[in-house]
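See below for the structure under consideration.
The values are calculated or read from the model by the stated rules, or taken from the named source; none is laboratory data. A quick note: this is a predicted structure, and the numbers were derived from the prediction, not measured. Neighbour counts are summed over all protein chains in view; Cβ atoms, including those assigned to glycine, are modelled from backbone coordinates with ideal geometry.
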Amino acid sequence: MTSAHEAADQLAFFDAMLVGANRAEDNAGHTSYDYSIAGHDVRLRIAGRGFAEKLPTALNHLVAEAPREPALTIHAWDDESTGTSLPRLVSRYLHFAEMHCFDFLGPRNEMNDFHGDRIRAIMHLDPVIVSLFDPQRSIALYWTRDVSRIPVWDWGTPLRIILNEWAKLRGMFLVHSGAVGTEDGGVIFAGKSGSGKSTSALACLSEGRLRYAGDDYSLIDGSGQPHVHSLYSSAKLKGEADFTRFGHLLPLVANRSETHRQKALIFLQDAYRDRIISGFPLRAILVPRVTGRPETTIEPSSSIAALRALAPSTMLQLPGDGKDTMERLSALVRKVPAFTLNAGTEMRGIPESIAGLLADIRSDGGAGS
């Protein structure tokens, strides 16, 4: 429980960072981007040109008309491209925290001095990225010294820490998973990197029968019948096998010169607008397994297996309250049936099998209905 003095310190730190955001906007100007995320209006204010070139791309499929009062406003800026600097007291603190991170950061990258009930404060290292969220004022701050140092893969799933903290106030949370489906219902793919999540999601995108809601993260509303909301319209390919399977996607790769040492990042909104879905009722959790066989099969699994596939990567990649995340995931797997997806090498068999599973679930009355 945060004391009154701790809350005051948290708020003072946030407001000092907000001064930095205002400096950047005053000096370099700003551009606003408005989105509808799970039915809520979210505004992103980017100071200068640095973040504007890459940050909004993965969210473009969620663009909406500007609301009078957004449910969340996010200020994003860096010092280098805006020609500004944070207030000296804040800047020096961040430098010291970076140098002595084991004393200043918690086990999940929480900023120990300023993370609590009043303000959520997370600091990523190498490069330093600060994500702050004020739940009472519905304002968030996203800052780094030099936007050019942010790794390219981060542009595919931007602002996820802030969006997760904001979503949790509304009964939602981010899950490390892919997602495909139709308006009647769909599935999420759970598992560690290399398990076949991306392959399965992109196989469905390519075939077209099931629409695409995401490759890396899904936004889940766990209240009542669980519901998936699309958050990012990006995808990633890894290695020659993926390049061969999905050669038609290679012209969309955003980091072509770097694919020899990192995953290929693809933005799908422009080329596949009609195959991206905003969301659907969640009918099943699929745990992909690469078999090396041509055919794809699906067999029942357990809630424990689904939790083991979802929890480690979700908790590792989304700093914050680990206990809270585990409780939400545990509740989710109790509500939604789990299956093992034995993914075959014939890509069209994956969407065919999933569509068949969803048809069977509908005929049985639907998961959780």
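Things worth noting here:
- Residues that are closer than 23 Å to GLY181 by Cα, in contact (Cβ under 8 Å) with a residue 60 or more places away in the chain and outside the structural domain of ALA58 (by TED's automatic domain parsing) do occur in the range 236-251.
- Members of the range 295-318 that are at pLDDT below 95 and not hydrophobic (A, V, I, L, M, F, W, C): PRO312, SER313, THR314, GLN317
Let's see how each residue does on (1) touching an Asp or Glu at 6+ places or on another chain (Cβ under 8 Å); (2) modelled with pLDDT under 95; (3) within 16 Å of GLY178 (Cα to Cα):
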| residue | (1), (2), (3) |
| --- | --- |
| ILE276 | no, no, yes |
| ILE285 | no, no, yes |
| GLY320 | yes, yes, no |
| GLY349 | yes, no, no |
| GLY356 | no, no, no |
| ILE361 | no, no, no |
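Residue-by-condition table, conditions (1) in the same structural domain as ARG209 (by TED's automatic domain parsing); (2) touching a strand residue (DSSP E or B) at 6+ places or on another chain (Cβ under 7 Å); (3) of a type in the set (S, T, N, Q):
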residue	(1), (2), (3)
GLN269	yes, yes, yes
VAL287	yes, yes, no
THR291	yes, yes, yes
PRO294	yes, no, no
LYS323	yes, no, no
THR340	yes, yes, yes
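- Residues that are touching a residue at least 12 places away in the same chain (Cβ under 8 Å) and closer than 21 Å to TYR35 by Cβ, drawn from the range 124-143: ILE129, SER131, LEU132, PHE133, ASP134, PRO135, SER138, ILE139, ALA140, LEU141, TYR142, TRP143
- Of the criteria (1) over 24 Å from ASN27 (Cα atoms); (2) without any contact (Cβ under 8 Å) to a residue 40 or more places away in the chain, which one LEU94 fails: (1)
- Only a single item in (1) out of contact with any Gly (no Cβ under 8 Å at 6 or more places or on another chain); (2) surrounded by 14 or more Cβ atoms within 10 Å (Cβ to Cβ) is not met by VAL63, and it is number (2).
- Residues that are assigned to a strand (DSSP E or B) and of a type outside the set (Gly, Ala, Ser), drawn from the range 56-81: VAL63, LEU72, THR73, ILE74, HIS75, TRP77, ASP78
- Residue in the range 151-173 that is under 19 Å from VAL253 (Cα atoms) and of a type in the set (A, V, I, L, M) present: yes
- Scanning the range 251-273 for residues that are assigned to a helix (DSSP H, G or I) and of a type in the set (Lys, Arg), we see that the one that is nearest to the chain's Cα centre (by Cα) is ARG273.
- Subset of the range 206-228 (residues that are out of contact with any Ser or Thr (no Cβ under 6 Å at 6 or more places or on another chain) and either within 16 Å of THR345 (Cα to Cα) or crowded, with 24+ Cβ neighbours inside 10 Å (or both)): SER206, GLU207, LEU210, TYR212, LEU219, ILE220
- Subset tally (residues that are in contact with a helix residue (DSSP H, G or I) (Cβ under 7 Å, 6 or more places away or on another chain) and part of a loop (DSSP other than H, G, I, E, B)) for the range 291-331: 5
- When PHE102 is tested against (1) closer than 20 Å to LEU318 by Cβ; (2) at pLDDT below 95, just one condition goes unmet, and that condition is (1).
- Residues in the range 177-199 that are at pLDDT 95 or above and outside any loop (DSSP other than H, G, I, E, B): GLY178, ALA179, VAL180, GLY181, THR182, GLY185, GLY186, VAL187, ILE188, PHE189.
- Of the criteria (1) within 18 Å of PHE14 (Cβ to Cβ); (2) modelled with pLDDT under 95, which one ASP126 fails: (1)
- For THR31, the conditions (1) surrounded by fewer than 16 Cβ atoms within 10 Å (Cβ to Cβ); (2) outside any strand (DSSP E or B) all hold with the exception of (2).
- Residues of the range 24-61 that are in contact with a Pro (Cβ under 7 Å, 6 or more places away or on another chain) and either over 23 Å from ALA271 (Cα atoms) or in the same structural domain as ASN255 (by TED's automatic domain parsing) (or both): ASP41, VAL42, ARG43, LEU44.
- Sole exception among (1) crowded, with 18+ Cβ neighbours inside 10 Å; (2) farther than 19 Å from ALA12 by Cβ; (3) touching a Pro at 6+ places or on another chain (Cβ under 8 Å); (4) at pLDDT 95 or above for ASP146, by number: (1)
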